[in-house]
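*Asks:* The structure is given below, and queries will be raised subsequently.
The values are calculated or read from the model by the stated rules, or taken from the named source; none is laboratory data. All values derive from a computational prediction rather than experimental measurement. In this analysis, Cβ positions are derived from the backbone assuming ideal geometry, glycine residues included, and neighbour counts consider all displayed protein chains.
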Amino acid sequence: MFISPEEILETVEMVQSHSLDVRTVTLGLNLAPAAHPDIDVVCDNITRIISSRAADLVPTVRRIESHFGVPIVNVRLATSAISTLLEPALSVGGSIQNDRDAEAAVVAVAAALDQAAADVGVDFIGGFSALVSKGVTSAEDRFLAALPKALASTQRVCSSVCVASTKAGINMDAVARMGEAIKEAAELTAESNGLGCAKLVVFANIPEDNPFMAGGYHGVGEADAVINVGISGPGVVRSVLENHADEPLEKIADLIKRTAFKITRAGELVARTAASDLGVSQGIVDLSLAPTTAPGDSIGDILASIGVTPGAPGTTAALSLLTDAVKKGGAMATSAQGGLSGAFIPISEDLAMQQAVRDGALSLDKLEAMTAVCSVGLDMVIVPGNTPATTLSALIADEMSIGVVNNKTTAVRIIPAPGKVVGDEVEWGGLLGGGPVMAISEFDSSAFIARGGRIPAPLRSLGN
Amino acid sequence: MVVSVIGQDRPGIVAEVSSVLAETGANIEDISQTIRSGLFAMIMLVSIDEDSTSLDGLKETLTGSGEKLGVQVQVQHEDIFRYMHRV
């Protein structure tokens, strides 16, 4: 036989018993041609482009899923940063001068994206985004002002706002705005425990080809239509490690590398086939371990298998080993790595991480340290509803600093759940999960945020 | 395509799966049996004319047969195994 029965059975077992799946196939679409001074035309253009380019996306992915027998959990769209499409309408001298009309225009465009995503059968569409790491245009200013309402009035639309980069530093005016936007989005979606915030990510060094939501968008360096694939497989890695309890850490790193290679190859095959079948460019494979709320499909469980309770001393070291080994194994498996690539540590989507918070092992401060060595940042963290906007902004500034200084992507997706206090539980269900409300420092950071301005780009030599 | 059958060993598994494949015109090119973690495991490499045979239909029929026999049956294109286990 062309391959050993043991290898075939290993793959079958990974799927059936250890939650092996391809987490997302995301079609990135250039929507720049949709820009127009008339918002009705913008909406029509968005609908036309998405319906024509993405009509076959979901059926094609489902066919590939059946063909290879590997579950593909999510099918999504990522678009050009929508704020740039609105420049002709919302900028100074543009076609809309009244702020109230501007807000209505932003909300209308979000609704058009929401409907277009629903029509082609995807659950999330990313790219309702603005790139403001150095400055904010007049159109982006209005876009950001309307962002919470747009998120609250749609189901599928996801937003990312890049407020910092290693080249530009940190735009602290934008950081201040995002703290307020997160508070407003939470309050507008109070009935669903602030669910609007789950669709809003604040970035440093945002990747242009990230297939994962809510942070995915279609960058300016991309082609018209690109397939990007996000892999997964925490359950597979955990099951491998559980059978090697007494091995030294270099052996653990090797086992993770080997497993990541196999997982990434599945993603590479799906990416190649999907791009070919859809007649679009093949983009990247995001070498990520993304947890779900399925028991065992957890980064926290992997850390426990390595030997640390998530949040205990040693967690950052164990996570850095994991992230690096995933990248090394994945890099051998595809020549097109990209996106976020590493380990995701969303609290609400990982049962073991939630339990670590409940047990008092994992604090927000430790989580922040962990983000220095993994791929994303403070992700799906629930904090008390009365957390001031300035405290959220200051937390964002801290996280952005980690990304800017270390020349990596970091992000914040945080939910100040209205009416909730530390220790309360929030439950959204489905992909977003839920979990305990975490403590956040009650010391005041408002004077720092009130200063505004920019934190200059860091010196990249003298690198200690 | 690769057909994998995993479950408790019992008489008739090979016969049942083979007859379903024969009815759909699939040709068995290779077959291998082993015991893994105490369970019976059979792997078949089969060729199917996907233009004339519905893959989803075959999967459904084989899954139904598997349920009757108390085993799990998977049908997957061989490329997934080539990719995952070879550079």
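*Asks:* Within the stretch A:25-33, identify whether any single residue is among the polar types (S, T, N, Q), modelled with pLDDT of 95 or more, surrounded by 15 or more Cβ atoms within 10 Å (Cβ to Cβ) and not in a helix (DSSP H, G or I), and answer yes or no. Walk me through how you get there before you give the answer.
*Replies:* At the first step, the residues of the stretch A:25-33 found to be among the polar types (S, T, N, Q) are A:26, A:30.
From what's left, modelled with pLDDT of 95 or more: A:26, A:30.
After this cut, where a residue has to be surrounded by 15 or more Cβ atoms within 10 Å (Cβ to Cβ) as well, the list is A:26, A:30.
Keeping just the survivors that are not in a helix (DSSP H, G or I) gives A:26, A:30.
There is at least one residue in the stretch A:25-33 that is among the polar types (S, T, N, Q), modelled with pLDDT of 95 or more, surrounded by 15 or more Cβ atoms within 10 Å (Cβ to Cβ) and not in a helix (DSSP H, G or I).
*Asks:* Could you say whether any residue in the stretch A:362-376 is farther than 26 Å from residue A:206 by Cα and modelled with pLDDT of 95 or more?
*Replies:* Here is the first cut: in the stretch A:362-376, the ones farther than 26 Å from residue A:206 by Cα are A:362.
Next cut, modelled with pLDDT of 95 or more only: A:362.
Scanning the stretch A:362-376 turns up at least one residue that is farther than 26 Å from residue A:206 by Cα and modelled with pLDDT of 95 or more.
*Asks:* While we're on this one: With the condition kept exactly as written, say whether any residue in the stretch A:232-242 is surrounded by 24 or more Cβ atoms within 10 Å (Cβ to Cβ) and not in a helix (DSSP H, G or I).
*Replies:* yes
*Asks:* If you scan the stretch A:162-180, which residues turn out to be assigned to a loop (DSSP other than H, G, I, E, B) and touching a Lys or Arg at 6+ places or on another chain (Cβ under 7 Å)? Step through it out loud before you land on a result.
*Replies:* If we filter the stretch A:162-180 for residues that are assigned to a loop (DSSP other than H, G, I, E, B), which is where we start, we get A:166-168.
Scanning the stretch A:162-180 gives a single hit, A:168.
*Asks:* Mind checking which residues of the stretch A:214-231 are of a type outside the set (A, V, I, L, M, F, W, C) and touching a Ser or Thr at 6+ places or on another chain (Cβ under 7 Å)? Can you show your working first?
*Replies:* Here is the first cut: in the stretch A:214-231, the residues of a type outside the set (A, V, I, L, M, F, W, C) are A:215-219, A:221-222, A:224, A:228, A:230.
Hits for the stretch A:214-231 are A:215, A:216, A:217, A:218, A:228, A:230.
*Asks:* Quick check on my filter: what residues within the stretch A:407-461 are under 16 Å from residue A:293 (Cβ atoms), of a type in the set (A, V, I, L, M) and either outside any strand (DSSP E or B) or at pLDDT below 95 (or both)?
*Replies:* Answer for the stretch A:407-461, where residues must be under 16 Å from residue A:293 (Cβ atoms), of a type in the set (A, V, I, L, M) and either outside any strand (DSSP E or B) or at pLDDT below 95 (or both): A:431, A:432.
*Asks:* Do we have residue A:21 as more than 14 Å from every other protein chain (Cβ to nearest Cβ) and either of a type outside the set (A, V, I, L, M, F, W, C) or touching a Pro at 6+ places or on another chain (Cβ under 9 Å) (or both) here?
*Replies:* Details: more than 14 Å from every other protein chain (Cβ to nearest Cβ): no; either of a type outside the set (A, V, I, L, M, F, W, C) or touching a Pro at 6+ places or on another chain (Cβ under 9 Å) (or both): yes.
So residue A:21 fails the test.
*Asks:* Would you mind stating whether residue A:281 is surrounded by fewer than 20 Cβ atoms within 10 Å (Cβ to Cβ), without any contact (Cβ under 8 Å) to a residue 24 or more places away in the chain and either within 14 Å of chain B (Cβ to nearest Cβ) or more than 21 Å from residue B:82 (Cβ to Cβ) (or both)? Can you show your working first?
*Replies:* Values: surrounded by fewer than 20 Cβ atoms within 10 Å (Cβ to Cβ): yes; without any contact (Cβ under 8 Å) to a residue 24 or more places away in the chain: no; either within 14 Å of chain B (Cβ to nearest Cβ) or more than 21 Å from residue B:82 (Cβ to Cβ) (or both): yes.
The answer is no for residue A:281.
*Asks:* Inspect the stretch A:418-438 for any residue being in the same structural domain as residue A:355 (by TED's automatic domain parsing), of a type in the set (Lys, Arg) and within 18 Å of the chain's Cα centre (by Cα) and give the result as yes or no.
*Replies:* Narrowing the stretch A:418-438 to residues in the same structural domain as residue A:355 (by TED's automatic domain parsing): A:418-438.
Remaining after also requiring of a type in the set (Lys, Arg): A:420.
Still in the running and within 18 Å of the chain's Cα centre (by Cα): none.
Looking through the stretch A:418-438, none of the residues is in the same structural domain as residue A:355 (by TED's automatic domain parsing), of a type in the set (Lys, Arg) and within 18 Å of the chain's Cα centre (by Cα).
*Asks:* If only one of A:352, A:317, A:312 is in a helix (DSSP H, G or I), out of contact with any helix residue (DSSP H, G or I) (no Cβ under 7 Å at 6 or more places or on another chain) and over 16 Å from residue A:440 (Cα atoms), which one is it?
*Replies:* Criteria check complete, one pass: A:317.
*Asks:* Can you go through A:40, A:21 and tell me which one is among the acidic types (Asp, Glu) and crowded, with 17+ Cβ neighbours inside 10 Å? I'd like the intermediate steps shown before the answer.
*Replies:* Values: A:40 fails: crowded, with 17+ Cβ neighbours inside 10 Å.
That would be A:21, the only listed residue that is among the acidic types (Asp, Glu) and crowded, with 17+ Cβ neighbours inside 10 Å.
*Asks:* Kindly check whether there is at least one residue in the stretch B:50-62 that is over 24 Å from residue A:63 (Cβ atoms), modelled with pLDDT of 90 or more, crowded, with 16+ Cβ neighbours inside 10 Å and not aromatic (Phe, Trp, Tyr). Show your work before the answer.
*Replies:* Within the stretch B:50-62, the subset over 24 Å from residue A:63 (Cβ atoms) is none.
Checked against the condition, which is being over 24 Å from residue A:63 (Cβ atoms), modelled with pLDDT of 90 or more, crowded, with 16+ Cβ neighbours inside 10 Å and not aromatic (Phe, Trp, Tyr), the stretch B:50-62 yields no hits at all.
*Asks:* What strands (runs of 3 or more DSSP E) completely inside the stretch B:1-83 contain at least 1 residues that are within 12 Å of chain A (Cβ to nearest Cβ) and in contact with a Ser or Thr (Cβ under 8 Å, 6 or more places away or on another chain)?
*Replies:* Details: elements: B:2-7, B:27-36, B:39-47, B:71-76.
Ranges flagged: B:27-36, B:39-47, B:71-76.
*Asks:* Restricting the search to the stretch A:224-245, which residues are within 23 Å of residue A:331 (Cβ to Cβ) and of a type in the set (A, V, I, L, M, F, W, C)?
*Replies:* First, the residues of the stretch A:224-245 that are within 23 Å of residue A:331 (Cβ to Cβ): A:226-241, A:244.
Once the filter is applied, which keeps residues that are within 23 Å of residue A:331 (Cβ to Cβ) and of a type in the set (A, V, I, L, M, F, W, C), the stretch A:224-245 yields A:226, A:227, A:229, A:231, A:236, A:237, A:240, A:241.
*Asks:* A further question on this structure: Give me the residue from the stretch A:57-116 that is within 14 Å of chain B (Cβ to nearest Cβ) and of a type in the set (A, V, I, L, M) and, out of that set, farthest from the chain's Cα centre (by Cα). Step through it out loud before you land on a result.
*Replies:* First, pick out the residues of the stretch A:57-116 that are within 14 Å of chain B (Cβ to nearest Cβ): A:59, A:62-72.
Right, trim to of a type in the set (A, V, I, L, M) and you get A:64, A:70, A:72.
Details: A:64: 24, A:70: 23, A:72: 17 Å.
Taking the candidates together, the pick is A:64.
*Asks:* Output the residues belonging to the stretch A:357-377 that are within 16 Å of residue A:317 (Cβ to Cβ) and buried (at least 22 other Cβ atoms within 10 Å of the Cβ).
*Replies:* Residues of the stretch A:357-377 that are within 16 Å of residue A:317 (Cβ to Cβ), as a first pass: A:361-362, A:366-374.
Scanning the stretch A:357-377 gives A:362, A:367, A:370, A:371, A:374.
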